Amino acid sequence: MKILFFTESLTCGGKERRILELIQYLREHTDYEISLVITEDIIDYDYVYQLGIPLIIIKRERLKYDPQPFVKFYRYCCEFKPDIIHAWGRMTTFYAIPTKLIRKIPLISSMIADAKRDYKIFSFDYLFFSSNILFSNIILANSKAGLTAHKVKSHKAKAIWNGVHLERFQQKYDLKKVKEELNVTTEFMLVMVAAFSLLKDYDLFLDVAKGIGKIRNDVTLIGVGFGSEWERIQQRIKDEHISNVILIGKRKDVESIMAASDIGILCTYAEGISNSIIECMALGKPVISTDIVGGSKEIIIHGETGYCIERNSEKIVTSIDYLLNNSELRILMGKKAKERISSCFSIKRMSEEFKLIYEDVLTHNSPH
């Protein structure tokens, strides 16, 4: 079987890591021939070069809906001759449609990785999204909440939860050294790993930090990530003299930072399945997420492995304070969190579900 993966970039992010970990698993456990096409030359995950697959860059020009990738992608498909095209975004799915129709190649679209519908009905984005659904053989989301939010009720739709390589979280970390390198001198450390974008709520994160600072001085909150909101959030920290927050930008050692933390936090409007929540839990940390309408509640068992609560800084502060004051409960929650990830969110479980999709699609679209 020959599968062509098609995505925008390999910038630091949950979707990008998921693609590469899936490819790695398939390379190790199947005889699939795999190629990866990206439309931007941004590569934060260097280990893509160690996967032993062709990496093709079809660079998109400044024009948002640049027509050149349609032609370039078609030409590459004529050369590679894939049995399946697996696109990982709305734009790449759209670029793949002409090739799918002309060459009659099954198209799988993993274009739903959130749980917030950000377009109006009958708008251009709605027509764009609807076209992708119409012409794709399979529509995949990484959460059931994503399918619900986007009102996708087609028989072609399916949710496959993210998975991670559990081996990544089994090494020993020098937790004291990690905290020293981050300049954390307090007893407790909390971490939020998320892009600094409008989809994440770093303003609420700062409100929580201010609330915690009013009742205790033994907590430091770490923000890991980068994005368009970075400078504004940094400025707010300075203007409001918020002293218990450290923003450290993009990092490739997030596992060690999470391991050194006591609680994971995700302040957000709506999520699909968050890799940062999975990773925190895999390291035995309870997680508090503000996502009560998205996919976080599909990972976190409320009251058992963490909390899914509404976007209210006072309630988040109360939950944090309660867990920090009850070490036995915090540790027990962390243990159960780790067990949940091991049983439901492994890379093996995720990859085997993708394999079943590929085999089913190929069987039902075979000319024989």
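The values are calculated or read from the model by the stated rules, or taken from the named source; none is laboratory data. What you see is a predicted model, and the numbers here were worked out from it, not measured in a lab. We place every Cβ from the backbone using ideal geometry, glycine too, and count neighbours over all the protein chains shown.
Filter the stretch 284-297 for residues that are modelled with pLDDT of 90 or more and crowded, with 24+ Cβ neighbours inside 10 Å and give the result. Residues satisfying the conditions are Lys285, Pro286, Val287, Ile288, Ser289, Thr290, Gly295, Ser296.
Screening Ile316 on (1) assigned to a helix (DSSP H, G or I); (2) over 23 Å from Val219 (Cα atoms); (3) among the β-branched types (Val, Ile, Thr) shows it passes everything except condition (2).
For the stretch 26-45, the tally of residues that are at pLDDT below 95 and either under 18 Å from the mean Cα position of the chain (by Cα) or buried (at least 20 other Cβ atoms within 10 Å of the Cβ) (or both) stands at 5. Quick check on my filter: what residues within the stretch 1-12 are surrounded by fewer than 22 Cβ atoms within 10 Å (Cβ to Cβ), out of contact with any Gly (no Cβ under 8 Å at 6 or more places or on another chain) and over 23 Å from Glu279 (Cα atoms)? Within the stretch 1-12, Met1, Lys2 meet the criteria.
Just one of the numbered conditions (1) loosely packed, with under 13 Cβ neighbours inside 10 Å; (2) at pLDDT below 95; (3) among the basic types (Lys, Arg) is not true of Lys15: (1).
Restricting the search to helices (runs of 4 or more DSSP H) fully inside the stretch 124-230 and requiring at least 3 residues that are charged (D, E, K, R) gives 175-181, 202-215.
Checking Ile320 against (1) out of contact with any Leu (no Cβ under 9 Å at 6 or more places or on another chain); (2) under 19 Å from Phe188 (Cβ atoms), which test does it fail? Result: Ile320 passes all but (1). Selection over the stretch 246-271 of residues that are over 20 Å from Asp44 (Cβ atoms) and surrounded by 24 or more Cβ atoms within 10 Å (Cβ to Cβ) gives a count of 7. The set of residues in the stretch 177-195 being of a type outside the set (Asp, Glu) and without any contact (Cβ under 8 Å) to a residue 40 or more places away in the chain consists of Lys177, Thr185.
Do the conditions hold for Lys116, that is, is it under 21 Å from the mean Cα position of the chain (by Cα), surrounded by 14 or more Cβ atoms within 10 Å (Cβ to Cβ) and not small (Gly, Ala, Ser)? Against the criterion (under 21 Å from the mean Cα position of the chain (by Cα), surrounded by 14 or more Cβ atoms within 10 Å (Cβ to Cβ) and not small (Gly, Ala, Ser)), Lys116 qualifies. Mind counting the residues in the stretch 319-334 that are without any contact (Cβ under 8 Å) to a residue 60 or more places away in the chain and either part of a loop (DSSP other than H, G, I, E, B) or not hydroxyl-bearing (Ser, Thr, Tyr) (or both)? Residues meeting the conditions: 8.
Quickly run through the stretch 231-268 and pick out the residues that are under 18 Å from the mean Cα position of the chain (by Cα), under 19 Å from Leu204 (Cβ atoms) and not in a strand (DSSP E or B). Let's see the steps before the verdict.
Our first condition is that a residue be under 18 Å from the mean Cα position of the chain (by Cα); within the stretch 231-268, this holds for 249-255, 257-258, 264-268.
Retained after the next criterion (residues that are under 19 Å from Leu204 (Cβ atoms)): 264-268.
Across the stretch 231-268, the qualifying residue is only Cys267.
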